[in-house]
Structure formats: structure tokens, C-alpha cells
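Colleague: Pasting in a structure now, in C-alpha cells, and then I'll have a few things to ask.
Laboratory data are not the source of any read-out in this text; all were calculated from the coordinates shown. Computed from a predicted model, the values in this text were never measured in an experiment. Here the Cβ positions follow ideal geometry from the backbone for every residue, glycine too, while neighbour counts run over all protein chains shown.
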Amino acid sequence: MEGGFFSGQLLIAMPGISDPRFERALILICAHDNEHAMGLALNRPIEGLTVPDLLDRLGIKSTIKLPPDLVLMGGPVERERGFVLHTGDYRGEHSLEVGAQVALTATREVLEAMAGNNGAPARSLLALGYAGWGAGQLENEIKQNVWLTCEADEDLIFDHDYDRKWSRALTKLGVDPQRLGSAVGRA
């Protein structure tokens with residue numbers, strides 16, 4: 001965690017989180033500073049909406065056979081806005097570096113690259129909406145044990161086993177998901 005901020009870290013929702021939209025959520029923090037924090041949920045697929053379907057709806061023609069990856073619900077804020085989280089081998093003019101080898105881009109150009117036009121990233125996911133926090137809000141939630149944090153890795157970020165991502169992140173910290181209670185509070 002650089003400078004007290006959580007950019008590039010994973011948030012793991014603790015059992016008993018008071019907001020059902022974040023129950024068992026695994027969120028990658030993409031941007032964090034004194035004024036705000038922004039992240040994308042990595043384990044909330046939108047059933048029935050695939051990346052090829054969404055690209056087709058946007059009029060982006062694919063020159064390659066795209067896998068039927070599901071689009072994710074990145075969070076409850078601006079759910080009509082799309083974000084592509086991708087490996088660092090793709091950099092657009094407006095890409096935001098999230099971690100050592102991960103970036104976030106929210107332009108049509110990255111969607112066209114994913115469709116095979118112009119150097120697609122090796123791994124990517126497409127999310128609609130994001131999770132957002134105001135000044136100091138995320139830090140307070142972490143102090144109140146609403147979230148655990150851990151280092152992000154490409155397998156947790158880009159894996160398609162959405163049902164197990166949350167428990168795998170806990171296991172990465174040495175926490176047995178079966179032993180967690182649903183009460184949160186301060187130690």
C-alpha cells in the first residue's frame with residue numbers, strides 16, 4: 001500500500017456486511033487518493049450478457065472469435081458506464097495504471113482492441129458500473145472491519161470462476177472462509 005492508499009489492492013467483503021450489494025464481494029481498488037476511491041467488483045457476473053453480445057450492441061464488429069466471457073457488474077455507481085480491466089500489455093491514451101501489470105481503460109478504443117482490431121490485451125474483463133467511496137470513507141470501513149485487504153494477482157483478477165474468487169482471496173490471506181462469523185466490529 002503506497003502512501004496509505006489502496007490502489008491495486010483487493011478488498012474482500014467480510015461476512016455480515018450491511019450492504020447486500022457487496023455480500024461476498026471481491027473488489028479491485030483502481031484509484032484511491034485523499035478525495036475518493038474507486039474499484040470494480042471482480043465476482044459479479046451479469047447472467048446472460050457476454051462480452052461479444054455487448055460489443056455487438058455497441059456496433060463493434062469483431063475480427064476474431066471472442067470467448068463468451070460474461071460482463072461483470074462492477075458496482076452500483078453509473079451502471080451504464082463500461083470499464084475494461086486488462087493486463088498491462090495494452091496501454092491506451094487514457095489508460096490508468098492500477099498495479100504493476102494491470103490497467104483500467106474506459107474508452108471505445110480498448111473495446112475495439114478486444115474485438116481483434118489493434119492489439120488486444122492478453123487478459124481482460126469488462127464491467128458495467130463501479131464501486132465508489134468519498135474522502136476517508138473506505139479507510140473508515142477498513143478500520144471497522146467491513147473489508148479485508150490483500151495483494152492482487154492476475155489469477156484472482158481475471159479468473160472466470162466467479163463463485164470461488166471471494167473464498168480464494170481469503171485463503172490467500174490464510175483465512176478459512178468456513179470459520180468466519182457474520183459479525184463485524186472492532187478488536
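Colleague: Once you charge only the Cβ atoms, +1 for Lys and Arg and -1 for Asp and Glu, what is the size of the charge dipole of the stretch 70-125 about its Cα centre, to the nearest 20 debye?
Modeller: On the way: 5 positive and 7 negative charges, 28 e Å.
Around 140 debye, computed over the stretch 70-125.
Colleague: Thinking of the stretch 6-70 as a set of Cα atoms, what percent of all their pairs are more than 16 Å apart?
Modeller: It works out to 62 percent of all Cα pairs.
Colleague: Would you look at the GNM of the chain, springs on alpha carbons closer than 10 Å, and say which of Leu156, Leu85, Leu66 moves the most?
Modeller: Judging by the Gaussian network model, the answer is Leu66.
Colleague: In debye, nearest 20, what is the charge dipole magnitude of the stretch 1-159 about its Cα centre with +1 on Lys and Arg Cβ and -1 on Asp and Glu Cβ, if you could check?
Modeller: On the way: 12 positive and 23 negative charges, 85 e Å.
The calculated dipole for the stretch 1-159 is roughly 400 debye.
Colleague: Next up: Given axes a ≥ b ≥ c from the Cα gyration tensor, I'd like to know whether the stretch 55-120 is rounded (a/c under 1.5), prolate (a/b larger than b/c) or oblate.
Modeller: oblate
Colleague: Taking only the alpha-carbon atoms of the stretch 28-141, what semi-axes of the equivalent ellipsoid follow from 5 times the gyration tensor eigenvalues under a square root, in whole Å, largest first?
Modeller: So the equivalent ellipsoid measures 25, 16, 11 Å along its semi-axes.
Colleague: Are there trypsin sites (Lys or Arg not before Pro) in the stretch 65-154 that DSSP puts in a loop and that have at most 12 other Cβ atoms within 10 Å, and which ones?
Modeller: Qualifying residues, ordered by number: Lys65.
Colleague: To continue, here is another question. Cross-link candidates for Lys172: which aspartates and glutamates have Cα within less than 18 Å, leaving aside residues fewer than 8 places away along the same chain?
Modeller: Straight-distance partners of Lys172: Glu151, Asp153, Glu154, Asp155, Asp159, Asp161, Asp163.
Colleague: Now, a different point. Could you give the angle, 0 to 90 degrees to the nearest 10, between helix 162-172's Cα long axis and the longest principal axis of the Cα atoms of the chain?
Modeller: Rounded to the nearest ten degrees, it is 50.
Colleague: Restricting attention to the stretch 21-93, which GluC sites (Glu not before Pro) occupy a DSSP loop and are surrounded by at most 16 other Cβ atoms within 10 Å? Present the calculation step by step, with values, prior to reporting the outcome.
Modeller: Numbers: sites: Glu23, Glu35, Glu47, Glu78, Glu80, Glu93; in loops: Glu23, Glu35, Glu93.
The qualifying sites are Glu23, Glu35, Glu93.
Colleague: Counting only C-alpha contacts under 8 Å and six or more residues apart, can you give the relative contact order of the chain as a whole percent? Kindly include the intermediate steps, with their values, before the conclusion.
Modeller: Details: 377 pairs, mean separation 52.1, N = 187.
This gives 28 percent for the chain.
Colleague: OK, next. Of Ala135, Leu173, Ile17, whose Cα points farthest to the positive end of the dipole of the chain (charges on the beta-carbon: +1 Lys, Arg; -1 Asp, Glu; origin at the Cα centre)?
Modeller: Final value for the positive-end residue is Ile17.
Colleague: Another question about this same structure. Please list, in order, the residues from the stretch 121-137 whose amide nitrogen is less than 17 Å from a point placed 7 Å along the Cα→Cβ vector of Lys65.
Modeller: Inside the label zone: nothing.
Colleague: If amide H atoms are built 1.01 Å from N in the plane of the peptide, which residues on other chains or at least 5 residues away come under 5 Å of the amide H of Gly88?
Modeller: Residues meeting the amide H criterion: Val102, Ala103.
Colleague: Show which aspartates and glutamates lie in cross-link reach of Lys65 when reach means a straight Cα distance below 16 angstrom and same-chain residues fewer than eight apart are skipped.
Modeller: Those aspartates and glutamates meeting the cut-off are Asp53, Asp56, Glu112.
Colleague: Another one. Using a ≥ b ≥ c from the Cα gyration tensor of the stretch 132-181 (square roots of the eigenvalues), is it rounded, prolate or oblate, where a/c under 1.5 gives rounded and otherwise the larger of a/b and b/c decides, a/b for prolate?
Modeller: Oblate is the answer for the stretch 132-181, as a/c is 1.5 or above yet b/c matches or exceeds a/b.
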